[in-house]
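Engineer: Take this structure, written in structure tokens, and hold onto it; I'll ask about it next.
The values are calculated or read from the model by the stated rules, or taken from the named source; none is laboratory data. All values reported here derive from a predicted model rather than from experimental measurement. Cβ atoms come from the backbone with ideal geometry, glycine included; neighbour counts cover every protein chain shown. Side chains are part of the model used for accessible areas, which takes the heavy atoms of the whole protein and leaves out ligands, DNA and RNA. Shrake-Rupley method; radii C 1.70, N 1.55, O 1.52, S 1.80 Å.
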Amino acid sequence: ESVYGGDIDISDDYRNVTLQLRLRSDASNDPHNYNYNSVTFTLPADTSDLAGNSYKGEEFLNGYGSRCTLTVTFTNDSEGTFVLTNNNNQSVVAEYSFKYTSNADTNSVELSEVTVTNSTLENLSFASARMGSNDTLNISFTVALASGYSYQTTFSVDLKNPL
């Protein structure tokens, strides 16, 4: 069956290309050209040279009660920092340092020796970091409550789009 093409969208940084496609049978039932299926192709993250780059993710920090931004900076080839900032007043909630290794063949990053260097929230602790799908580095924090319960929040940091 024939495939008809619509718009081709290329992102400003040339990392994403989106094609609008549909089958001939779909086109015959849609004289106004409304129904297309989008297919997006994205270049993978380049973890071979993270040094000097920063990336971010946003999430609601459960147990803290505010939306926050996590900014991860790879300061050199083996060390980095991340800063958790309150989006309401732009105050720093916590800062951490870490060591890392990256594998360009698998586009993966592993953090180690994660250490808190500054925190205004006593009951906040780093929980884990792991690579997720679509070249995201998932960094999790736990907020312990006085009642004995705790909340965990995971920030997905997109390694395809440096700041």
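Engineer: Condition first: modelled with pLDDT under 85 and not in a strand (DSSP E or B). Can you find one or more residues in the range 66-81 that meet it?
Structural biologist: No, there is no match, as no residue in the range 66-81 is modelled with pLDDT under 85 and not in a strand (DSSP E or B).
Engineer: Given the conditions (1) closer than 21 Å to Lys160 by Cβ; (2) open to solvent by less than 70 Å² (accessible area, probe 1.4 Å); (3) within 17 Å of the chain's Cα centre (by Cα); (4) not hydroxyl-bearing (Ser, Thr, Tyr), report the number of the one that Glu58 does not fulfil.
Structural biologist: (2)
Engineer: Hey, another quick one. Going through the range 92-111 one residue at a time, which ones are of a type in the set (Ser, Thr, Tyr) and at pLDDT 95 or above?
Structural biologist: Across the range 92-111, the qualifying residues are Tyr96, Ser97.
Engineer: Let me ask something additional. Give the residue, chosen from Leu145, Leu137, Leu124, that is touching a Phe, Trp or Tyr at 6+ places or on another chain (Cβ under 9 Å) and at pLDDT below 90.
Structural biologist: Leu145
Engineer: Can you name every residue in the range 51-83 that is more than 30 Å from Gly148 (Cα to Cα), touching a Leu at 6+ places or on another chain (Cβ under 9 Å), free of Cβ contacts under 8 Å to residues at least 40 places away in the same chain and among the charged types (D, E, K, R)?
Structural biologist: Asp77
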